[in-house]
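The values are calculated or read from the model by the stated rules, or taken from the named source; none is laboratory data. No experiment lies behind these values; they were computed from the predicted model shown. Cβ coordinates were reconstructed from backbone atoms using ideal geometry, including for glycine residues, and neighbour counts include every protein chain displayed. Note: accessible area is taken over every heavy atom of the protein model, side chains too, but ligands, DNA and RNA are not part of it. Shrake-Rupley method; radii C 1.70, N 1.55, O 1.52, S 1.80 Å.
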Amino acid sequence: MEESFKVVKTDVLVIGAGGAGMRASIAVKDAGLDVVMVSKSLLGKAHTVMAEGGIAAALGNVDPQDNWTVHYGDIIEEGVYISNWKMAEICAKEAPDRVFELEDYGALFDRTPDGRILQRAFGAHTYRRLCHVGDRTGLEIIKTLEDQVLHRDIKFFDEMYITKVVVKDGKACGAIGIKMNTGEFHYFEAKSVIIATGGCGRVYKVTSNSWESTGDGLGLAYEAGAVLKDMEMIQFHPTGMVYPPGVKGLLITEAVRGEGGILLNSKGERYMLRYSPQKKELDARDVVARANYKEIQEGRGTEHGGVYLDITSKGADYIKHKLPAMYMQFMEFAGVDITKEKMEVAPTVHYQMGGIRVDAETGHSSLEGLFAAGEVASGLHGANRLGGNSLADILVFGRRAGEGAVAYAKKANETGADKKAIESEIARIRSFLKKDGKNPYEFIDRLTSAMSDHVGIVRTREELEKAITIIEQLKQEYREVGTLGSVRYNHGLLGCLELGNMLIAAEAITRAAIMREESRGAHARIDFPKKDKNWLKNIEISKSDKGMTFNVVPVQEMPAEYKKYAKPEEY
Amino acid sequence: MTDINLKIYRYNPEEESTGKFVEYKVPYVDGMVVLDAVRYVQEKIDPTLAIRWNCKAAKCGSCSAEINNKPSLMCKTRVDSIGNNISVAPMGAYPNIKDLVTDISVNWSILRKIPKFTPMEGMEKPWRIHPGDVERSKEFKKCIECFLCQDVCHVVREHTTNYFGPRHMVKAASMDMHPLDALDRSEFLDDEGGIGFCNITKCCQDVCPEHIHITDNAIIQEKERAADLKYDPIAMLIKRRKSRKEKVVK
Ligand SMILES: Cc1cc2nc3c(=O)[nH]c(=O)nc-3n(C[C@H](O)[C@H](O)[C@H](O)COP(=O)(O)OP(=O)(O)OC[C@H]3O[C@@H](n4cnc5c(N)ncnc54)[C@H](O)[C@@H]3O)c2cc1C
Ligand code: SF4
Ligand code: SF4
Ligand code: FES
C-alpha cells in the first residue's frame, strides 16, 4: 500500500523541546538557519519544567571564593574521574553566561540583599552555587525559553512523536514522526539532526521522571548507529516521596537539605553523621541515597518504608517562602504539613548520567550529521551528577549543539527523502495496530518492575542476570504487542513504540552494569564493593549484526595543569 | 472507600460525530488522584483512551479537565476529596481532538502577540535587583499554563470577543511587574487584548491550581493602569518611572 506522509524540509531538525532542545533551536535560528523543533509533549511541558532546586554556575555572589576551577574540580571529583574533562571545563566556564542570558530573556532569579543573583548550597558543591527561583527553577527556565521560541517565530510541531532517525550514506538526514492530534505521518528532511529527548527514568517503576522520559532518544540514536556510553550510571535521588502510592517516587528537591533539612531514622537518629561526618546531608547523591537505602534495609525505616526528612526547625514562614512548591506538594498529595511534620522519603530513580557519546565542543555524535545535547547526551557527569549541573548542562551544551549543527548543515548537501525507508517505517508503526495484540502497558510494567527489583541502587551479578533474563524474554515477545484504534492520539500505540526504546535503554544499563566489576559513583556492586583503578574507563555501546556490543575505552586524560583543580583520585 | 464509578467523556472524531460518557469501575487505592483512576482505565481497560499528562506532580499543566464539571488538574484532584462518583470531561473552551484531549494551540498565537520582556536601557551588568522587587512578578510567574482559567472564563468560552483571556493577562502582568522591564502593556491589553470585556467575576482565580490572584492582582491592576494612561498619560509615565528608579539598587 502506498503510504501518505507530509514532508517538512529544514536545515536543522531539533528533536525535543526541553531546556536543551529549546536552547539549541534558539542558537540555530540566531545563526540565520532554518530550524524545526519537535516534541512529544506540548510546548512548555517538557520534563525540564519539573526541575526545582536551581542551576549551578560559579558566579561567586554568595561565596566570592568560587570560580570555574572549583566548579570544574567538583564535577571531576563527583563524577569519580570518568567525566569528559573538556565538557567539565566548558560547563564550568560557560554556565555563568547562560544564567545571565536567561536574565536577559526575562527570567527573575531570587536575589541577595544587595541585589545580585542568590545562590544556595547543594550536595557536594564546594560553595553555595545554585541560582534559583524558589523551588521552581525549571518552570522559570522553560517559560522564559518558550517566550523566546515564540517571539523568534521558531517553527515547532508539538505532540509530534519521532519514531526513527533516517540515515543515508552513513549520515543522519532526517526523522520520521507521528503528529499525534491528526494521526498524520511526517518526514522531516534536514541537513543535521539534534537529539535532545531527555532521560530514561521511566524504565524504572519508582522514578521522579515525567511520562515522556522513556529514553526514546537513546533508541533513536542506537538504531541509527550512534555510540552510547556510561549507561550503567543511573542516579538515584536520595529523597523521593513514598506515600501515598500514587505519588511514590515523586521528587523532594535537594533544596530541602540545602536549606537545612536533616535526615532521621525511625529511632530519631541523625544517621548522616555516621555515614558522612563532614558533609552530612549534603554529601553527593549516591552517598546519601545509599545511606537512606541502608537505614531502610536494616529495619530503621518508617511505616511506609522510608526515612524522615525534617525541616520543621526552620519555621513556617521561612519554609513557605523558600520551598513553596514542596509545601504545597506535601499538603495536597499527602496531607502532611511540612512546617510541622516530618516528611517520609526514600531513594527514587532520577537521572541518567550516560547517553549518546558526543564531541565536547560541538555535541556531534559518532554518526555524521547527528548531534545530541542535554540529559540524553553523556560525558559531563561521569559516574555521578551534582544537583544543579543538569540545568547548566542543557543550556551550555544545548547552545553548543545548536551551533555545531549549524556549522555542519552549512557544509552538508541535501539528501532528499528516501521514500522506501519512510514507507517501511510507517509499515512498522502500523503493524502494532491489531486486534489481538498484547497490552503494551503490561510489558512496560514487567520491564520497569524488573529494573527496580534487580538493577537498583546496589547491584550484584546474580540480580543483574535476573533482569537480563526478563529483558530477553520481553524482547522475544515484543512482536506480539499491539493495540486497537488508529494512529491518531493513540496512547496504546505510543506505548508499543516507547517499549522498543525502553528495552534498548534497559538492556544497555543492565549489561554495562554487569561488565563494570567495581563500585564507582552511582554504580555500587555488592560483589565488587571497591573502586578499581583498572576501571578508569568508559563503557561504549553500539549496535552490530550480533546485537548490542560493548567496548571498554580508557578515560581521556586531562592536561597536567588541570589536575590541580581536582583532588588526585585515591584508591 | 469502595470502587470508583468513573464516567469519562469519550469521543473519536474518526468514528462518531458526537461524544458520550462511558462508565468504568476503578478500584480505589489510598491517596489516589483522579489521574490515577483515568490511567487505570487506559492501562487496564482501553489503551486507546486519549489523555494528556506528563509530570503527575501539578507542575506542567498538561492534565487539565473538567472534573465533576469543575475545571481542575487530574493529577492534583484527590479522589477522597470529591467522593466516588466522578465524571471527567475535556475542557469545553477548546476544540476536542479526541476523548479528553483538546486543541489549545490558539494560546501560542496569543502569546506571540504579547510584547516580550524588554529590559530598560543603559543598565549596568550584572543587573542588581532588590530582593523585595522580584516578589510581585513572581506570583504571575508561577503560572503553569494549564489554561483552566481560560476554560472557566465565560468571555473566552463565548468566542465572540477579542479577549485574550486570564492566562494572558497574567503573562503580561508578569512582565509589567518585572522590575527591569521598560514597557507598559496595559494599553495594548486594552486595545488589542480586549481586557475591557472581563467583568471581574473572579471565576478564573477560583480554579487556578497555582492560587494566582488573577483578577485581583493582574487584571484589575492592568485595567486601572490602562484607564490612568488614557486619562493622563504623562502623569502616569512619570509616576511609573519614579517608582522604578527607587526600587533599583545600584
Ligand atoms: C523532579 C526533578 C527535579 C530536578 N531538579 C533539577 C535541578 O534543580 N537542577 C538541575 O540541574 N537539574 C534538575 N533535574 C534534572 C533536569 O531537570 C533534567 O535533567 C533536564 O531538565 C533535562 O533537560 P533536557 O532538555 O535534556 O530534556 P527534557 O526536559 O526531558 O526534554 C525532552 C524533550 O524531548 C521530547 N521528546 C522525548 N522523546 C521524544 C520523541 N520520541 N519524539 C519527539 N520528542 C521527544 C520531549 O517531549 C521533551 O520536549 C531535575 C529532574 C527532576 C525529575
Ligand atoms: S474575572 Fe474576567 S477573566 Fe476571570 S473569569 Fe471573570 S471575566 Fe473571565
Ligand atoms: S493562571 Fe493559573 S489557571 Fe491560568 S493557566 Fe496559569 S496556572 Fe493555569
Ligand atoms: S500531569 Fe503535569 S500538571 Fe498534571
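Data for the structure
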quantity	calculated
Residues of region A:396-420 classified as part of a loop (DSSP other than H, G, I, E, B) and of a type outside the set (Val, Ile, Thr), total	6
Candidate set from region B:14-45 (those that are within 8 Å of chain A (Cβ to nearest Cβ), of a type outside the set (Gly, Ala, Ser) and in a loop (DSSP other than H, G, I, E, B)); member that is farthest from ligand 4 (Cβ to nearest atom)	B:Glu14
Filter result for B:Asp99 (on the phi > 0 side of the Ramachandran plot, in contact with a Pro (Cβ under 8 Å, 6 or more places away or on another chain) and open to solvent by less than 50 Å² (accessible area, probe 1.4 Å))	yes
For A:Arg129: the one exception among (1) crowded, with 24+ Cβ neighbours inside 10 Å; (2) within 16 Å of ligand 4 (Cβ to nearest atom); (3) at negative phi	(2)
All positions within region A:271-312 that are within 26 Å of A:Thr126 (Cα to Cα), free of Cβ contacts under 8 Å to residues at least 60 places away in the same chain and part of a loop (DSSP other than H, G, I, E, B)	A:Tyr271, A:Ser276, A:Pro277, A:Gln278, A:Ile311
Filtered residues of region B:181-202 (kept if within 16 Å of ligand 3 (Cβ to nearest atom) and open to solvent by 50 Å² or more (accessible area, probe 1.4 Å))	B:Ile200, B:Thr201, B:Lys202
Count of region A:552-569 residues which are free of Cβ contacts under 8 Å to residues at least 60 places away in the same chain, open to solvent by 60 Å² or more (accessible area, probe 1.4 Å) and either part of a strand (DSSP E or B) or of a type outside the set (D, E, K, R) (or both)	3
Test for A:Thr214: is it within 17 Å of the chain's Cα centre (by Cα), among the polar types (S, T, N, Q), within 30 Å of A:Cys173 (Cα to Cα) and away from ligand 4 (no atom under 16 Å from the Cβ)	no
Residues that are touching a strand residue (DSSP E or B) at 6+ places or on another chain (Cβ under 9 Å) and surrounded by fewer than 22 Cβ atoms within 10 Å (Cβ to Cβ), drawn from region A:66-80	A:Asp66
Every residue from region B:91-109 that is part of a helix (DSSP H, G or I) and facing chain A (nearest Cβ under 10 Å)	B:Asn107, B:Trp108, B:Ser109
Looking only at region A:159-182, and only at residues there that are open to solvent by 20 Å² or more (accessible area, probe 1.4 Å) and not hydroxyl-bearing (Ser, Thr, Tyr), the one that is nearest to A:Val7 (Cα to Cα)	A:Lys179
Number of positions in region A:519-538 that are closer than 19 Å to A:Glu507 by Cα and surrounded by fewer than 11 Cβ atoms within 10 Å (Cβ to Cβ)	0
A:Ile541, sole failed condition from (1) crowded, with 22+ Cβ neighbours inside 10 Å; (2) assigned to a helix (DSSP H, G or I)	(2)
Residue count for region A:196-231, restricted to those that are crowded, with 24+ Cβ neighbours inside 10 Å, in a loop (DSSP other than H, G, I, E, B) and modelled with pLDDT of 95 or more	12
Of the criteria (1) modelled with pLDDT under 95; (2) over 29 Å from A:Asp158 (Cβ atoms), which one B:Glu158 fails	(2)
Some residue of region A:240-250 being open to solvent by less than 10 Å² (accessible area, probe 1.4 Å) and either within 16 Å of ligand 3 (Cβ to nearest atom) or away from chain B (no Cβ under 14 Å) (or both)	no
Count of region B:64-83 residues which are open to solvent by less than 50 Å² (accessible area, probe 1.4 Å), in a loop (DSSP other than H, G, I, E, B) and out of contact with any Asp or Glu (no Cβ under 7 Å at 6 or more places or on another chain)	4
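Results for (1) without any contact (Cβ under 8 Å) to a residue 24 or more places away in the chain; (2) at negative phi; (3) among the basic types (Lys, Arg), shown as yes or no for each residue.
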{"residue": "A:Gly32", "(1), (2), (3)": "yes, no, no"}
{"residue": "A:Arg98", "(1), (2), (3)": "no, yes, yes"}
{"residue": "A:Asp104", "(1), (2), (3)": "yes, yes, no"}
{"residue": "A:Arg120", "(1), (2), (3)": "no, yes, yes"}
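A quick yes/no check of all residues on (1) within 16 Å of ligand 3 (Cβ to nearest atom); (2) within 27 Å of B:Cys153 (Cβ to Cβ):
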{"position": "B:Leu49", "(1), (2)": "no, no"}
{"position": "B:Ile67", "(1), (2)": "yes, yes"}
{"position": "B:Leu73", "(1), (2)": "yes, yes"}
{"position": "B:Ile82", "(1), (2)": "no, yes"}
{"position": "B:Ala89", "(1), (2)": "no, yes"}
